[in-house]
Amino acid sequence: MKLPVICPSCENSLRVSQMKCDRCETEVNGNYDLPLYLKLSREEQDFILEFFLSSGSIKEMAKQAGNSYPTMRNKMDDLIEKINELKKSK
Amino acid sequence: MNWQLLLNPFDKFSEKNIFIFGIIASIIGSYITFLSGATFDGLIEVHLNPQTTFFIALKENSLHIVLITVLLFLLGKIINKRTRFIDVLNAALLFRVPFYFMSLLLIFPFLQSLDNEIKKNPEAIGKLSLNPFDLAMILLITCVLISLLVYSIVLLYKGFKTATNVKKPLHYVFFGVIILFAEILSRIILPLI
């Protein structure tokens, strides 16, 4: 199931208010920040994972995705910009 | 047909493939220009000139490619330090391809005879008697030429966008200014070489 990270009503970032242990059913309530990685869209998370799995080679990623190198690098630059903005707004 | 690929080949094809295609297209395109007796006397211009040789066509073509590459590369470096020369060069190489089709269109004999008539007597341009078929052909060719010109600018823009990852409207204005500047510069440099 896909984890929602954006409020469907007002589009603000969602926070974690409850966690539950599957085994003993202990519940923890609070107001926790989502980890930065989870604030990204599924596509962006997959992109980072692919980058990691291809040993950090954008060229290799581009080849696998059937895109050109500059297209892939632009995607990476946009993602870096987004992560920097998320870090700033923390 | 994949239109997206035609409008933005820089998205999918590797820089090596685009470069090889661009170089081959430049040589073939210059030869077509020589055969059709056309001349690239400006960055975004094609005119008829029966004195054109293959060497002249290649020289003009190369100048336009080098000029727009250098200017856009400098702009690209200012906008985004990661801009690579090869990506801008590829944009310039593909930008020229529609111009080769334009010069191919100028092969039509009736266009050449019309051009000769106008050159002989430029003042009689308003008095030329054209039959409806010729007139329709001129209109059709004009539409195709304009479409090819727009397509060439689209290719250059898409190539530049991919090379630099530009997004701000001001950068597009700079892009337009560079094209106009390159057009003026090519008209100054061409008679000197």
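The values are calculated or read from the model by the stated rules, or taken from the named source; none is laboratory data. As the structure is a prediction and not an experimental result, all values here were calculated from the model. All Cβ positions, even for glycine, are placed from backbone atoms using ideal geometry, and neighbour counts span all protein chains on display. The area values use the complete protein model at the heavy-atom level, side chains included, leaving out ligands, DNA and RNA. Shrake-Rupley method; radii C 1.70, N 1.55, O 1.52, S 1.80 Å.
The reciprocal of the average 1/r between distinct C-alpha atoms defines the Kirkwood hydrodynamic radius, which for the range B:125-193 equals 15.3 Å. Pairwise inverse Cα distances across the protein assembly as shown, averaged and inverted, put the Kirkwood hydrodynamic radius at 22.7 Å.
At an R0 of 35 angstrom, the distance between the Cβ atoms of B:Leu35 and B:Phe85 translates into a FRET efficiency of 0.65. Taking Cα atoms, how many degrees apart are the long axis of helix B:85-105 and the longest axis of chain B, rounded to 10 and kept between 0 and 90? Helix B:85-105 sits at roughly 10 degrees to that axis.
The residues of chain B have, on average, 55 Å² of accessible surface per residue, using a 1.4 Å probe with all protein chains present. Among B:Glu45, B:Glu117, B:Glu60, the residue with the largest mean-square fluctuation in a Gaussian network model of chain B, with springs joining Cα atoms closer than 10 Å, is B:Glu117. Between B:Lys16 and B:Val70, the modelled labels are 2.9 nm apart [label points 7 Å from Cα along Cα→Cβ]. Taking the Cα centre of the protein assembly as shown as reference, the dipole from Cβ charges on Lys and Arg (+1) and Asp and Glu (-1) amounts to some 640 debye. Placing dummy labels 7 Å off each Cα toward the beta-carbon, the span from A:Val28 to B:Lys77 is 5.3 nm. Look at where the Cα atoms of the range B:1-46 and of the range B:147-190 average out, and the two centres are 15 Å apart.
Remark: the range B:6-68 projects, on average over all directions, an area of 4.7 nm² (convex hull of Cα atoms).
Placing +1 on the Cβ of every Lys and Arg and -1 on the Cβ of every Asp and Glu, with no other charges, gives the range B:1-145 a dipole of roughly 560 debye about its Cα centre.
Ranking B:Val166, B:Leu48, B:Leu71 by how far each Cα lies toward the positive end of the dipole of the range B:10-192 (charges on Cβ) leaves B:Val166 at the top.
For chain B, set up a Gaussian network in which alpha carbons nearer than 10 Å are linked by springs, and say which option among B:Ile44, B:Ile27, B:Ile146 fluctuates the most. Ranking B:Ile44, B:Ile27, B:Ile146 by mean-square fluctuation puts B:Ile146 first. Beyond 32 Å between alpha-carbons counts as too far, so tell me which of A:Lys75/B:Lys59; B:Lys120/B:Lys158; A:Lys88/B:Lys167; A:Lys2/B:Lys158; A:Lys63/B:Lys59 fall in that bin. Exceeds cut-off: A:Lys75/B:Lys59; B:Lys120/B:Lys158; A:Lys2/B:Lys158; A:Lys63/B:Lys59. Residues of the range A:40-54 with backbone nitrogen within less than 19 Å of a virtual label 7 Å along the Cα-to-Cβ line of A:Gln64, please, listed as ranges. Inside the label zone: A:41-54. Dimensions of chain B from C-alpha coordinates, computed as largest minus smallest value along each principal axis and given longest first, are 56, 42, 32 Å. To the nearest ten degrees, helix B:169-189 and the longest principal axis of the Cα atoms of chain B are 50 degrees apart.
Convex hull volume per residue, computed on the Cα atoms of chain A, equals 143 Å³.
Here chain B exposes an accessible surface that is 74 percent carbon and sulfur, computed with a 1.4 Å probe and the other protein chains kept in place.
Once A binds B, the 1.4 Å probe can no longer reach about 1000 Å² of accessible area, counting both sides.
Springs between Cα atoms under 10 Å define the GNM used for chain A, and in it the highest mean-square fluctuation of A:Asp22, A:Asp78, A:Asp33 occurs at A:Asp22.
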